[in-house]
């Protein structure tokens, strides 16, 4: 070995570039319509950017408190009490994070030790597994499958043992768009109520549900709320994914441990943007109107695809839509997604990317958080395939 080289043993030897970055790079290379990565192609509200500029010019440019700007924590507390019936103390139980991904990593780092087991329900967002591996935890995978993606609680019951530290939920779910039911919450609680298992609930799409469905936050369940760490994202709610701002809610005992990780990973999140969000959230319609806004886009996109050869079961929430392409091709979803980019200039994400075992169900995921013009162009191409 060259004496100037450093021998590094990777802590994540099997971790590669995410599928989202890969598909976005392909989209850029082929000048394709990008319906892969989960971000809007339209801007956030002008009032919100105006408020950021106001606070920057006002001089709110130094560190925010480690736990987050107090007024923002208070408005989140009020929101959860009003809409979920659960009081989270803004000083002791709410923390503003540098995005939900940082919150997820901090929560896993705070509670998962070497050889602790964590149950993940697949398909699942790709940040969970590397965060657990980084903290030397053991991953247990419980699969849900198309077309209904129902949780098999008996399978989870068999997985739980004295080493189980955490169960991770994500509802409304990325990538399936499925919601969770009250029966599911009761089943989960019945399995863990006499244990020390913590639930990490990824609720970043909390305000995006369709057809009059309600978001069942774990905050709504008395027993689960006492053992749950809830993460959400201002980025998904207000079309500001690049701002990387989110929040964590947890009982005081769990929050104390969460903040030990949080303060040593980022210490604090962006101050002027937090200040702007306080003003913007005074008008509840800025987040309560989100379901109607995205349902119109879902309905528009699904209607445009009705004469295509893709099989579509309308998403229940989030801004993602799965499409079954089995009537079009026998290829794997990775091969088909690559073909869509290279030959048809449409970028999507293969469903198997959300499974650790790379199961091939011949589904791809489209993001419909796009302008109507983009969705129309994409549908015209997809209907010709």
*Would you mind telling me which numbered condition in (1) surrounded by 19 or more Cβ atoms within 10 Å (Cβ to Cβ); (2) closer than 30 Å to residue 198 by Cβ residue 347 fails?*
(2)
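Residue check: is residue 385 under 19 Å from the mean Cα position of the chain (by Cα) and either crowded, with 18+ Cβ neighbours inside 10 Å or in contact (Cβ under 8 Å) with a residue 24 or more places away in the chain (or both)?
For residue 385, the condition - under 19 Å from the mean Cα position of the chain (by Cα) and either crowded, with 18+ Cβ neighbours inside 10 Å or in contact (Cβ under 8 Å) with a residue 24 or more places away in the chain (or both) - is not met.
Quick grid of which residues meet (1) in contact (Cβ under 8 Å) with a residue 24 or more places away in the chain; (2) in contact with a strand residue (DSSP E or B) (Cβ under 9 Å, 6 or more places away or on another chain); (3) closer than 22 Å to residue 356 by Cβ; (4) not assigned by TED's automatic domain parsing to the domain that holds residue 243:
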position: 4; (1), (2), (3), (4): no, no, no, yes
position: 9; (1), (2), (3), (4): no, no, no, yes
position: 12; (1), (2), (3), (4): yes, no, yes, yes
position: 25; (1), (2), (3), (4): no, no, no, yes
position: 28; (1), (2), (3), (4): no, yes, no, yes
position: 52; (1), (2), (3), (4): yes, no, no, no
position: 55; (1), (2), (3), (4): yes, no, no, no
position: 61; (1), (2), (3), (4): yes, no, no, no
position: 64; (1), (2), (3), (4): yes, yes, no, no
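Filter the range 30-48 for residues that are in a helix (DSSP H, G or I) and touching a residue at least 40 places away in the same chain (Cβ under 8 Å); which is surrounded by the most Cβ atoms within 10 Å (Cβ to Cβ)? Don't jump to the end; show me each part of the working.
Taking the range 30-48 and keeping what is in a helix (DSSP H, G or I), we get 46-48.
Right, trim to touching a residue at least 40 places away in the same chain (Cβ under 8 Å) and you get 47-48.
Numbers: 47: 12, 48: 21.
Only one residue tops the list, namely 48.
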*Among the numbered conditions (1) part of a loop (DSSP other than H, G, I, E, B); (2) surrounded by 15 or more Cβ atoms within 10 Å (Cβ to Cβ); (3) at negative phi, tell me where residue 101 comes up short.*
(1)
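For the structure I just gave you, tell me whether residue 334 is within 22 Å of residue 145 (Cβ to Cβ), surrounded by 14 or more Cβ atoms within 10 Å (Cβ to Cβ), over 21 Å from the mean Cα position of the chain (by Cα) and modelled with pLDDT under 95. Steps first, please.
Values: within 22 Å of residue 145 (Cβ to Cβ): yes; surrounded by 14 or more Cβ atoms within 10 Å (Cβ to Cβ): yes; over 21 Å from the mean Cα position of the chain (by Cα): yes; modelled with pLDDT under 95: yes.
So residue 334 fits the description; yes.
Give the residue that is surrounded by the most Cβ atoms within 10 Å (Cβ to Cβ), with candidates limited to residues of the range 360-382 that are assigned to a loop (DSSP other than H, G, I, E, B) and either in contact with a strand residue (DSSP E or B) (Cβ under 7 Å, 6 or more places away or on another chain) or in contact (Cβ under 8 Å) with a residue 40 or more places away in the chain (or both).
369
Just checking, how many residues over the range 187-206 are free of Cβ contacts under 8 Å to residues at least 40 places away in the same chain and either outside any strand (DSSP E or B) or farther than 30 Å from residue 294 by Cα (or both)? Steps first, please.
We begin by selecting, within the range 187-206, every residue free of Cβ contacts under 8 Å to residues at least 40 places away in the same chain; these are 187-197, 199, 201, 203, 206.
If we keep only those that are either outside any strand (DSSP E or B) or farther than 30 Å from residue 294 by Cα (or both) too, we end up with 187-197, 203, 206.
Number satisfying all stated conditions: 13.
Restricting to the range 341-358, what's the tally of residues that are outside any loop (DSSP other than H, G, I, E, B), out of contact with any helix residue (DSSP H, G or I) (no Cβ under 7 Å at 6 or more places or on another chain) and either within 14 Å of residue 122 (Cβ to Cβ) or modelled with pLDDT of 95 or more (or both)? Show your work before the answer.
Quick first cut of the range 341-358, residues outside any loop (DSSP other than H, G, I, E, B) only: 341-344, 346-347, 349-354.
From what is left, the residues that are out of contact with any helix residue (DSSP H, G or I) (no Cβ under 7 Å at 6 or more places or on another chain) are 342-343, 354.
In the following step, the residues that additionally are either within 14 Å of residue 122 (Cβ to Cβ) or modelled with pLDDT of 95 or more (or both) were identified as 354.
Count: 1.
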*Restrict the check to the range 134-152 and report whether at least one residue is buried (at least 22 other Cβ atoms within 10 Å of the Cβ) and outside any strand (DSSP E or B).*
yes
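So that you can scan it fast, the table gives a plain yes or no per residue for (1) closer than 16 Å to residue 171 by Cα; (2) touching a strand residue (DSSP E or B) at 6+ places or on another chain (Cβ under 7 Å):
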| position | (1), (2) |
| --- | --- |
| 202 | yes, yes |
| 215 | yes, yes |
| 218 | yes, yes |
| 224 | yes, yes |
| 242 | no, no |
| 252 | no, no |
| 257 | no, no |
| 266 | no, no |
| 269 | no, yes |
_strands (runs of 3 or more DSSP E) (entirely within the range 207-325) containing at least 3 residues that are surrounded by 20 or more Cβ atoms within 10 Å (Cβ to Cβ) and not assigned by TED's automatic domain parsing to the domain that holds residue 149_ = 320-324
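Buried (at least 21 other Cβ atoms within 10 Å of the Cβ), touching a residue at least 12 places away in the same chain (Cβ under 8 Å) and either farther than 20 Å from residue 243 by Cβ or not assigned by TED's automatic domain parsing to the domain that holds residue 173 (or both): does that describe residue 94?
No; evaluated as a whole, the condition is false for this residue.
Kindly establish whether residue 182 is out of contact with any helix residue (DSSP H, G or I) (no Cβ under 7 Å at 6 or more places or on another chain), modelled with pLDDT of 95 or more, more than 29 Å from residue 271 (Cα to Cα) and buried (at least 22 other Cβ atoms within 10 Å of the Cβ).
Details: out of contact with any helix residue (DSSP H, G or I) (no Cβ under 7 Å at 6 or more places or on another chain): yes; modelled with pLDDT of 95 or more: yes; more than 29 Å from residue 271 (Cα to Cα): yes; buried (at least 22 other Cβ atoms within 10 Å of the Cβ): no.
In short, no.
The values are calculated or read from the model by the stated rules, or taken from the named source; none is laboratory data. Computed from a prediction, not measured in an experiment: that's the story for all the values here. Note that each Cβ is placed from the backbone with ideal geometry, even for glycine, and that neighbours are counted across all protein chains shown.
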